[in-house]
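The values are calculated or read from the model by the stated rules, or taken from the named source; none is laboratory data. Only a predicted model underlies this, so the values are computations on that prediction, with no experimental measurement involved. Cβ placement follows ideal geometry from the backbone for every residue including glycine, while neighbour counts extend to all protein chains displayed. Just so you know, the surface numbers come from the protein's heavy atoms only, side chains and all, with ligands and any DNA or RNA stripped out. Shrake-Rupley method; radii C 1.70, N 1.55, O 1.52, S 1.80 Å.
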Amino acid sequence: MKNSEIKKTIRREILQRRDSIAKNLKSEKDISILQHIIMLPEFSAAKKILFYASFRSEADTMDMIKLSLHLGKLAVLPRVCKKEHILKLYEIKNLDELARGYMWILEPSVDEARLRKMSDIDLIIIPGAAYDTQGNRLGYGAAYYDKLLATMERKIPIVAPAYEEQIVEKIPAEPHDIKVDKIITDKRVIECTD
């Protein structure tokens, strides 16, 4: 089986597993993930954090964003630019500045004055479908984040909030794939090593 087929199979299985987490259990898991993230030295040190707006059954980021803003950190979120097939990054001051955009995902609805570059970011909180403990990430197949991460000019810590149900033994990786540094689940902090 080709890597692309293996990835499709893993993505489908893990998303079904993630979607089947009961709502009350998901809330408990989200609280646990948030508590682990705010204890990270990378989070404490970060002044500007790139978040994603959680969608469907993804690990919740809304409370993370609210807390970060409350702590005086700058919250930056992506907006899909379909024409160029890239993510553009915008600073928001509160959650009211988010509106439904690409695939009905919340995106910044602010003007170009709030546009930020990857070089502005101190910490990346990234979404994904599945991960392995070596830091390989399986996204949703559109490669938006792969393109974004490829623009990094310096090493920025990449942290992935995920449920234990999203951790798999092995994800096929290509040489150009950028790994995550830490995966924060509801049960543990996984320091990713080769």
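Details
- Note on residue 70 and residue 2: the extension gain reaches 19.9 nm, defined as 0.36 nm multiplied by sequence separation minus the Cα-Cα distance.
- Karplus-derived 3J(HN,Hα), 6.51/-1.76/1.60, for each residue of region 41-57, Hz, glycine and proline x: x, 4, 5, 4, 6, 6, 9, 10, 10, 8, 10, 10, 8, 4, 9, 6, 9
- Taking the accessible area of the chain, probe 1.4 Å, and keeping the other protein chains in place, the carbon and sulfur fraction comes to 53%.
- For the chain, the share of DSSP beta bridges that are antiparallel, to the nearest 5, is 60%.
- Expressed as a fraction of 2.2 N^0.38 Å, the value expected for a compact globular protein of N residues, the C-alpha radius of gyration of region 1-55 is 1.56.
- At least 24 Å along the helix axis (C-alpha) and Kyte average at least 0.0, DSSP helices within the chain: none
- Estimated FRET transfer efficiency (residue 151, residue 111; beta-carbon r; R0 22 Å; 0.05): 0.50
- Residues whose placed amide H lies under 5 Å from that of residue 74, excluding near-sequence neighbours: 48, 49
- Ellipticity estimate at 222 nm from DSSP helix runs (n ≥ 4, -39,500 (n - 2.57)) divided over the chain, nearest 500: -8000 deg cm²/dmol
- Violating pairs (Cα-Cα greater than 29 angstrom) within the set 73/179; 83/117; 83/187; 155/187; 2/117: 83/187; 2/117
- Rounded, prolate or oblate (a/c below 1.5 giving rounded, otherwise prolate when a/b exceeds b/c) for region 8-102 by Cα gyration tensor: oblate
- ³J(HN,Hα) computed for each position of region 112-122 - Karplus, 6.51 cos²θ - 1.76 cosθ + 1.60, integer Hz, glycine/proline x: 4, 5, 9, 5, 10, 10, 4, 5, 7, 8, 9
- Taking amide H atoms as placed 1.01 Å from N in the peptide plane, the amide H of residue 106 lies under 5 Å from those of 101, each 5 or more residues away in sequence or on another chain.
- Per residue accessible area in Å² of region 46-194, where ligands, DNA and RNA are left out and the probe is 1.4 Å: 47 Å²
- For region 75-89, putting each phi into the Karplus relation 6.51 cos²θ - 1.76 cosθ + 1.60 with θ = phi - 60° gives couplings of 9, 10, 10, x, 10, 6, 9, 5, 4, 8, 6, 9, 9, 9, 9 Hz, in residue order, rounded to whole numbers and with x for Gly and Pro.
- Rh (Kirkwood; distinct C-alpha pairs) - region 26-75, Å: 11.2 Å
- In Å², nearest 10: area of residue 82 left accessible to a 1.4 Å probe: 140 Å²
- Residues whose placed amide H lies under 5 Å from that of residue 116, excluding near-sequence neighbours: 89, 90, 91
- Cα-Cα P(r), region 115-167, percent of pairs per 10 Å interval: 22, 54, 23, 2
- Listed residues 124, 183, 92, most fluctuating in the chain (Gaussian network, C-alpha, under 10 Å): 92
- Cα-based Rg / Dmax (Å) for region 71-132: 12.3, 38
- Percent of Cα pairs exceeding the 22 Å cut-off, where the set is the chain: 45 percent
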